Amino acid sequence: MNAGLASLLAATLAVSLPARATVSIEFQLGGIEVPAGSIGVLVADVADNEFTSPINAAGTVLSVGQKIGPDDVIIAILEGSNLPDWGAKKGFASHLTAIDYTSLGVAEGQDLILHVFADRDAGDPIRAGEPHLSYRTGDLGQRSSNSTMGFILPREGGAYLLAYLGAEHSGNADLAGLDLSPLGYGSGAGTINDHLSSSTSRHTYFFNVATPGFISLDGNGGSGLRAELYGPDGGLIAASNGNISIFETLSAGFHRLVVFRSPGPGGMPYGMAFSNGDTRSVVPDLAVGPSLSRLVGNNVLGGAPGQISRLDSVKARPVTGFATIGNRSTRPDSLAVVAGRGNGFCRIDYFGPTGSSITSQLLSGSFRTTLIDSDDPAASIRIRFTPNKGKLVRNKKVLKRTFATAVRANSTVGAVAADAVTLQVRTR
């Protein structure tokens, strides 16, 4: 094969002992993004009933003659190579001799597919959620002028060539779907900066979760940027459009992150930060007022000014106000809430949404909201001030006094964050 074909996907099938139904294959797949240590597995669809996904074939040994699913036969195992014309990219290059149709139970005309497995060796079993990519095409327009066959087992006898050239080598075959890269999830944190070369490019990142854990994925690109996270069973865990924002608790096993773009012209650059911890910050948001419909302090954060409500107690009568506790973050948390106590001149009591007293919990700082995030309604607290008339009324006149309580909520996970409001009562 000449140097111009070093960037090609090629299969040369030459007859050897036709009576034995035996052929030979020279296979090259070059100029694509596959990590070192990958293998290619060439498989025939013997029953013409669509290919079984390797996701549904955990335990299958990756060896010639083995079956992926009930009837997809492995006819060749290809090891990774790195030919000079491929530059920094990689691919496969192997000579496979004496492929016996009869002993393998395959026949001409059966569809072929190439599965690419990262971090695998011939003879290894398929693992649950095994990261892989698959490639085949029936588009004759993608083949080079040298090609004499498609992704099917050819007729016995004769020599055949299957050649595809990626766009980066001035061809027209889109091999972007073969981009497969490890994501350094186990290292704790990292970043990725890459570029989708076309509207049909798909970048696949794989990583193994040894024990159940969390993943944070934050990214940005154009408005058409999309990302999908798949679990060990192949099921979609989460999807994100535009800026990537995925925060999920993961089960053990292999996972795949696929980055691509919505239909549109051209490619798209993107950047991504990932971590095996939750990088989001909880954002407590408190508000206070005379009623739940008249609150101040919503979306005023961090205890900033403007979060105080003032009430009057006429003739030292009891007065009631309200405080609400919300979380403006998508990271859920059970917020810790503490409040001030009264004194001999004015008693202060606190009641939860059901009407039960939570005074002792708030005074001790042991009160916790339910697990809430930005999608949940704020928790409410009713606050009752009961002035002591025996101490505040002199000669039938009410002494003017001001009593106040500060209600404060703190995050209990991640970085420390807090908000606070004040309810003030004046007797007159």
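Read-outs throughout are calculated quantities, based only on the coordinates presented, and are distinct from any laboratory measurement. Because the structure is a prediction, the values reported are computed rather than measured. Because the Cβ atoms are built from the backbone with ideal geometry, glycine has one as well, and the counts that use them run over all protein chains shown.
Residues whose amide H lies under 5 Å from that of L62, counting only those 5 or more places away or on a different chain, are G123, D124, I126; hydrogens are built 1.01 Å from N in the peptide plane. Per-residue Karplus couplings for the range 229-243, computed as 6.51 cos²θ - 1.76 cosθ + 1.60 with θ equal to phi - 60°, are listed in order as 10, 10, x, x, 8, x, x, 6, 8, 7, 9, 9, 10, x, 5 Hz, Gly and Pro entered as x. Residues in the range 370-378 carry Karplus couplings, in order, of 5, 5, 10, 9, 5, 8, 9, x, 5 Hz; the curve used is 6.51 cos²θ - 1.76 cosθ + 1.60 with θ = phi - 60°, and Gly or Pro positions show x.
A Förster radius of 35 Å, combined with the Cβ-Cβ distance separating I152 from A239, puts the computed FRET efficiency at roughly 0.50.
Cross-link partners among aspartates and glutamates for K389, C-alpha distance below 15 Å, same-chain residues fewer than 8 apart left out? Leaving aside aspartates and glutamates fewer than 8 places away in the same chain, those within reach of K389 are D312. Sorted on the mean count of surrounding Cβ atoms within 10 Å across their residues, most packed first, peptides 297-307, 320-330 read 320-330, 297-307. For the range 276-293, 3J(HN,Hα) computed residue by residue from phi via the Karplus equation (6.51, -1.76, 1.60; θ = phi - 60°) reads 8, x, 7, 8, 6, 9, 5, 10, x, 9, 9, 9, 8, x, x, 8, 5, 9 Hz, glycine and proline entered as x. Normalised by the number of residues in the chain, what is the relative contact order in percent for Cα pairs under 8 Å and 6+ residues apart? Relative contact order comes out at 12 percent. Considering only alpha-carbon pairs that sit under 8 angstrom and 6 or more positions apart, the relative contact order computed for the range 44-83 is 39 percent.
Treating cross-link reach as a plain straight distance, find the lysines whose alpha-carbon is under 29 Å from the alpha-carbon of K67, omitting any fewer than eight places away in the same chain. Reachable lysines: K90.
Within a straight-line Cα-Cα reach of under 29 Å, K396 can be paired with the following lysines, leaving aside sequence neighbours fewer than 8 residues apart in one chain: K315.
Restricting the GluC sites (Glu not before Pro) of the range 56-163 to loop positions (DSSP other than H, G, I, E, B) with no more than 15 neighbouring Cβ atoms within 10 Å leaves E108. The gain in end-to-end length when the N298 to N395 segment is fully stretched comes to 30.7 nm, 0.36 nm per residue minus the alpha carbon separation.
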